[in-house]
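Single-structure report; data block below.
Just so you know, all these numbers are worked out from the coordinates, no wet-lab data involved. Bear in mind the structure is a predicted one, so any value in this text is a computation, not a measurement. Counting neighbours? That spans all protein chains shown, and the Cβs are built from the backbone with ideal geometry, glycine included.
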Amino acid sequence: MITKKATKKNAIPAVSTYKLRSSEIYYKGIRVMPSYIMTGGNILIEKSKVTMATEDIAAMLKIIK
């Protein structure tokens, strides 16, 4: 939302998330990591996305440390 407001376009391309997960995308020198947002009942339905979101969080922690 920040980049959309500032530049009138998204920082992350409109492509399936699973295709972008291994990409390194930067906006103004800051790494932006596309991932899945699991809310409500979705977390119970799509177990593979829970696994991918967990992997993304682990990757983010490695970058932070």
Quiz item: Say R0 is 35 Å: what FRET efficiency, to the nearest 0.05, do E55 and K8 get from their beta-carbon distance?
Solution: 0.65
Exercise. For n ≥ 4 DSSP H runs only, could you compute -39500 (n - 2.57) per run for the chain, divide by its residues and tell me the 222 nm figure to the nearest 500?
Key: -13000 deg cm²/dmol
Self-check item: Diffusion constant of the chain at 10 °C, which comes from Stokes-Einstein with the Kirkwood Cα-pair radius and 1.306 mPa s, µm²/s
Solution: 120
Self-check item: Relative contact order (%) - criterion: Cα under 8 Å, at least six apart; region: the stretch 2-64
Solution: 22
Self-check item: Of Y27, Y36, Y18, the one that fluctuates the most in a GNM where the chain has Cα springs shorter than 10 Å
Solution: Y27
Self-check item: Stretchable slack from K28 to I63, in nm (0.36 nm times residue separation minus alpha-carbon distance)
Solution: 10.9 nm
Quiz prompt | Gaussian network model of the chain, Cα within-10 Å springs - most flexible of I12, I25, I37 | solution = I37
